[in-house]
Amino acid sequence: MKAATVRQLKTELENLDREQLTTIMLRLSKFKKENKELLTYLLFESDNEQDYIYEIKLEVDELFKNINTNSYFYIKKSIRKILKILKTYIRYSNVKETEVELLLYFCKKLRAMTPSMTKNQQLLNIYTRELKTIEKKITTLHEDLQFDYKHLLENLKS
């Protein structure tokens, strides 16, 4: 079965009544956890982006607290997992300010982590890659926000 294009899906969804649309959305939410998470964000959390960011930061704090620090292998694995979860939440939001703020927070937590990330090249590479990503994203923001975020970014670089 070949998937329909976004345009075809949009046209078809516009032609459905409210009850049919609700049925489709509920059925869609049963198939993948990500679909359910996205619907949850769109229905309940998209109205208040700051609360959404706060909740994600709390989850990131918890994930960093639970990292197994016995070896750098486990640390790298956990860091990649945290970053994957964070990027998923960022994709749900699709707001550039949210993305920059969450990635800055991730880098801040990674830098403050013990044992130090500077003793492992792969962790250092993850950190520098995310800093470069943040730098690119900042240039697309409003000038006032650029100034604030650049200041935070410079603090992380030094």
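Dipole size of the range 48-157 about its Cα centre, with +1 on Lys/Arg Cβ and -1 on Asp/Glu Cβ: approximately 860 debye, rounded to the nearest 20. Quick note on the chain: its Rg to Rh ratio, both from C-alpha atoms and Rh being the Kirkwood radius, is 1.06. Stretched out straight at 0.36 nm per residue, the stretch from Lys136 to Ala3 would grow longer than its current Cα-Cα span by 44.6 nm. One chain, two ends: Thr118 and Asp61. Fully extended at 0.36 nm per residue, the span grows by 18.5 nm beyond their Cα-Cα distance. Here the Karplus curve 6.51 cos²θ - 1.76 cosθ + 1.60, taken at θ = phi - 60°, turns the phi angles of the range 99-116 into couplings of 4, 5, 5, 5, 5, 4, 5, 4, 5, 4, 5, 5, 5, 7, 5, 10, x, 5 Hz, with x standing for Gly and Pro. With kT/(6 pi eta Rh) evaluated at 20 °C and eta = 1.002 mPa s, and Rh the Kirkwood radius from Cα pairs, the range 103-158 diffuses with a coefficient of 183 µm²/s according to Stokes-Einstein.
In the chain, if the dipole is taken from +1 on Lys/Arg beta carbons and -1 on Asp/Glu beta carbons about the Cα centre, which of Cys107, Leu156, Leu123 is farthest to the positive end? Of the options given, the answer is Leu123. Across the chain, C-alpha contacts under 8 Å between residues 6 or more apart give a mean separation that, scaled by the residue count, equals a relative contact order of 16 percent.
For Ser29 and Arg80, the FRET efficiency from 1/(1 + (r/R0)^6), where r spans their Cβ atoms and R0 equals 25 Å, is about 0.35.
Every number in this text was worked out from the coordinates using simple rules, so none of it is lab data. What you see is a predicted model; the values in this text were computed from it and never measured. We place every Cβ from the backbone using ideal geometry, glycine too, and count neighbours over all the protein chains shown.
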